[in-house]
1. Ranking T193, T82 by Cβ neighbours within 10 Å, fewest first, what do you get?
2. What is the gain in length, in nm to one decimal, between H222 and E189 on full extension, counting 0.36 nm per residue of separation less the C-alpha to C-alpha distance?
3. Setting aside same-chain residues fewer than 8 positions from K90, which lysines have a Cα under 22 Å from its Cα?
4. Per the helix-only calculation at 222 nm, which mean residue ellipticity applies to the chain, given -39500 (n - 2.57) for every DSSP H run of n ≥ 4 and division by its residues, nearest 500 deg cm²/dmol?
5. So how do L164, L61 line up by other beta-carbon neighbours within 10 Å, fewest first?
6. Could you work out how much longer the chain between T74 and M210 gets when fully extended? Use 0.36 nm per residue separation minus the Cα distance between them, nm to one decimal.
7. Order of D62, D208 from fewest to most other C-beta atoms within 10 Å?
8. Of the candidates L108, L79, L28, which one comes out as most mobile in a Gaussian network treatment of the chain with C-alpha springs shorter than 10 Å?
Amino acid sequence: MQRPYIITINNLSKVYTEKYSNIQYKALDNINLNIEEGDFTAIAGPSGSGKTTLLNIIGALDKPTSGEVMIENTPLSTLTATESAQLRLKNIGFVFQAYNLIPTLNSLENAEYVALLQGVPQNRRRNEILQILKELRLDNLANRKPSELSAGQQQRVAVVRAILGRPKIVLADEPTANLDSKTGAELIELMKTMSQNLGITFIFATHDKMVMEKAKTLIQLHDGKII
Ligand SMILES: Nc1ncnc2c1ncn2[C@@H]1O[C@H](COP(=O)(O)OP(=O)(O)OP(=O)(O)O)[C@@H](O)[C@H]1O
Ligand SMILES: [Mg+2]
């Protein structure tokens with residue numbers, strides 16, 4: 001049985017204009033794509049093919065030049081900046097390198113931060129974080145700051161933070177970059193389990209063959225087009 005689409009993308013293009021030369025560059029070229037609820041989707045493609053640009057637009061962090069993204073039938077173009085921020089906070093978890101952990105907070109506090117903004121009650125926050133940290137074998141690291149964690153441990157804390165607020169969608173940009181293959185595989189398994197258990201839709205950009213193989217849906221981008 002086909003599940004409803006959580007994300008619908010119609011005729012999406014993104015043109016960047018270089019600051020000084022005014023040269024235009026089409027990073028996304030007429031993308032059409034539907035993503036089912038609960039899907040585990042990989043966006044693959046060479047460097048510069050538009051993966052991050054697409055994730056940024058799906059996550060309402062950036063606006064397209066033309067075309068539309070709808071999340072649960074809400075066209076993102078109709079949202080005010082405040083409404084976009086609300087949508088991100090309530091519905092979308094991010095595992096992006098640009099949204100790294102906060103250096104002065106320990107793992108527990110970093111994981112808790114988004115849930116705090118969402119108004120999740122403290123009891124549920126703490127209990128749930130500790131439980132998830134345990135499942136990820138991170139419970140002994142709850143008091144450590146990011147600088148005291150390996151890259152893989154930091155990525156896992158970022159995944160905990162992303163899923164804690166029960167988002168409908170998690171967007172992850174190169175979640176296994178900088179990880180050894182074993183840690184990378186563990187992280188993907190973790191995300192897959194979260195997707196199955198909680199019905200979260202995962203979309204991740206990747207270069208990693210192993211990650212592509214674990215995806216339920218594989219989308220290949222080349223020069224801003226789906227191939
Ligand atoms: N702010 C920007 N201004 C101008 N061009 C940009 C900007 N951001 C991205 N681009 C260009 O758009 C294209 C797509 O970039 P994007 O970051 O989406 O690629 P990517 O597939 O994520 O690459 P990578 O695998 O290296 O992360 C690239 O050619 C890039 O140089
Ligand atoms: Mg990228």
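Values quoted throughout were computed directly from the atomic coordinates according to the rules given, and no laboratory measurement underlies them. Here the structure is a predicted model, which is why all the values come from computation and not from measurement. So basically every Cβ, Gly included, is an ideal-geometry build from the backbone, and we count neighbours across all protein chains shown.
1. Taking fewest neighbouring Cβ atoms as first place, the list is T82, T193.
2. The H222-E189 span can extend by a further 9.2 nm.
3. K63, K168, K192
4. -11000 deg cm²/dmol
5. Ordered by Cβ neighbours within 10 Å, fewest first: L61, L164.
6. 45.6 nm
7. Ordered from fewest to most neighbouring Cβ atoms within 10 Å, D62, D208 come out as D62, D208.
8. L79
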